[in-house]
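Report on one structure; see the data block that follows.
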Amino acid sequence: MDKQTVLGIIDKLLIIQERDCRIARCQRELDDIPNLKQNIANKLDQHKTALENAKTTIKTRLVAVKQREVEIESLRQQIAKFREQQFQIKSNEEFKVLNREIAVLQENIRGLEDREIELMETVEQALQEENGLKAELAKAEGAVHGEFQQFDERLKNLEAEVQQLQLDRQGLVVGIPEDWLSRYNRVMENRKDVALVSVEKNACGGCHMKLPPHVLQDIKRADAIITCSFCGRLLYWHA
Ligand SMILES: [Zn+2]
């Protein structure tokens, strides 16, 4: 193969490589989008969990309030029973004993009522917190919705860009000899970054290994495909 033809092929392959690198960049970004969306969705989960916890707290406190009410009611019944007994009692002493019992129960009721009021205040606080969390969740949902829309937009643009680049590529490969093209494609598939590199300071521009003098001569002569024996990339002399 004459030098002019080889240099022409290399020029075309460099253009194709530029397109391939752009396709790969788009593809990496496309591959990342589901993860990024998932991360955003996870943030929403934190808000949902906080709200669930607040609801649980409210329920627990309401149960505690109810328990105090049940206890108070049972003490009141006890007092009513003592008062009935007092009607049947003849001795003054026994009457006084029951009065003392009733006083103790009334004191207990007051304690329980105080506790119930405290609990109801904490329920009120928890309800306020719940409202705050609901508002935060709604705000976060709105933000996530907006971000998802942006990602979907980006996804559509990237897909269109890849499609256009691939279409370009189909036109660019026309006329490139099959052995060059298949070698280029194979190396690109293996290396994932670049397949065609220039010599830099007598080393391979891909893996940076020093190239032997006879290989450098072959590359300068440019009459065949020359590859790096270390990394397999195609080499050309940067004029
Ligand atoms: Zn190399």
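Of all aspartates and glutamates in the structure, the ones whose alpha carbon falls short of 13 Å from that of residue 81, not counting any fewer than 8 places away in one chain, are 73, 101.
Show me the three semi-axes of the equivalent ellipsoid for region 89-144, from the C-alpha gyration tensor (sqrt of 5 times each eigenvalue), largest first, rounded to whole Å. Can you show the working numbers first?
Values: eigenvalues 562, 8, 3 Å².
Equivalent-ellipsoid dimensions as semi-axes: 53, 6, 4 Å.
Between 30, 98, 137, the Gaussian network model of the chain with springs among Cα atoms under 10 angstrom shows the greatest mean-square fluctuation at 98. Taking trypsin sites (Lys or Arg not before Pro) across region 23-121, the ones in a DSSP loop with at most 16 further Cβ atoms lying within 10 angstrom of their Cβ are 90. Computed from backbone phi, the HN-Hα couplings of region 51-61 come to 5, 4, 4, 4, 4, 4, 4, 4, 4, 4, 5 Hz, rounded to whole numbers (Karplus: 6.51 cos²θ - 1.76 cosθ + 1.60, θ = phi - 60°; Gly and Pro given as x). Calculated FRET efficiency, residue 221 and residue 189, Cβ-Cβ r, R0 25 Å, to nearest 0.05? For residue 221 and residue 189, the calculated efficiency is 0.35. One decimal place: the segment residue 100-residue 114 gains 2.9 nm when fully extended, by the rule 0.36 nm per residue minus the C-alpha distance.
Diffusion coefficient of the chain by Stokes-Einstein, Kirkwood radius over Cα pairs, 25 °C, 0.890 mPa s: 94 µm²/s. Across the accessible surface of the chain, with the other protein chains kept in place and a 1.4 Å probe, carbon and sulfur atoms take up 52 percent. Spin-label pair residue 170-residue 24: with each label point 7 Å from Cα along the Cα-Cβ axis, the two points sit 2.3 nm from one another. Be a star and scan region 94-128 for residues whose amide nitrogen sits under 13 Å from the point 7 Å along the Cα-to-Cβ vector of residue 86. Once the point is set 7 Å along Cα→Cβ of residue 86, 94-106 turn out to lie under 13 Å by backbone N, inside region 94-128.
Take residue 208: with every protein chain present and a 1.4 Å probe, its accessible area is about 120 Å².
FRET efficiency for the residue 4 to residue 163 pair, using the beta carbon distance and R₀ = 45 Å, is estimated at 0.85. Given in Å, the Rg to one decimal and the Dmax to the nearest whole number for the Cα atoms of region 187-239 are 10.0, 28. Structural size metrics of region 30-172, computed from C-alpha coordinates, are Rg and Dmax of 32.3, 117 Å.
Considering only Cα-Cα distances, which of the following residue pairs are longer than 25 Å: 37/156; 55/139; 3/201; 48/156; 43/134? From the list (37/156; 55/139; 3/201; 48/156; 43/134), the Cα-Cα distance tops 25 Å for 48/156.
Think of it as helices only: each DSSP H run of n ≥ 4 in the chain is worth -39500 (n - 2.57), and spread over all residues that comes to -29500 deg cm²/dmol at 222 nm.
Expected output is a single nm value to one decimal: the length gained when fully extending between residue 70 and residue 14, i.e. 0.36 nm times separation in residues minus the C-alpha distance. What is it?
11.7 nm
Here the Karplus relation 6.51 cos²θ - 1.76 cosθ + 1.60, evaluated at θ = phi - 60°, turns the backbone of region 197-214 into coupling constants of 10, 8, 7, 10, 6, 6, 10, 5, x, x, 9, 6, 7, 5, 9, x, x, 5 Hz, with x for every Gly and Pro. Once backbone amide H atoms are built at 1.01 Å from N, residue 211 has 203, 204 as its partners under 5 Å, excluding neighbours fewer than 5 places away on the same chain.
Applying 1/(1 + (r/R0)^6) with r as the Cβ-Cβ distance of residue 63 and residue 107 and R0 = 25 angstrom yields a FRET efficiency of 0.50.
Trypsin sites (Lys or Arg not before Pro) within region 118-202: which are DSSP loop residues with at most 15 other Cβ atoms inside 10 Å? Within region 118-202, the qualifying trypsin sites (Lys or Arg not before Pro) (loop, at most 15 other Cβ atoms within 10 Å) are 192, 201. Taking 4.7 Å between beta carbons as the limit, the unpaired Cys residues of the chain are 21, 26. Under the simplified labelling scheme, the residue 38-residue 139 pair shows an inter-label distance of 2.9 nm, with each label point 7 Å from Cα along Cα→Cβ.
The values are calculated or read from the model by the stated rules, or taken from the named source; none is laboratory data. All figures in this text were calculated on a predicted structure; none of them were measured in a lab. For neighbour counting, all protein chains shown are included, and Cβ atoms are generated from backbone atoms with ideal geometry for every residue, glycine included. Note: accessible area is taken over every heavy atom of the protein model, side chains too, but ligands, DNA and RNA are not part of it. Shrake-Rupley method; radii C 1.70, N 1.55, O 1.52, S 1.80 Å.
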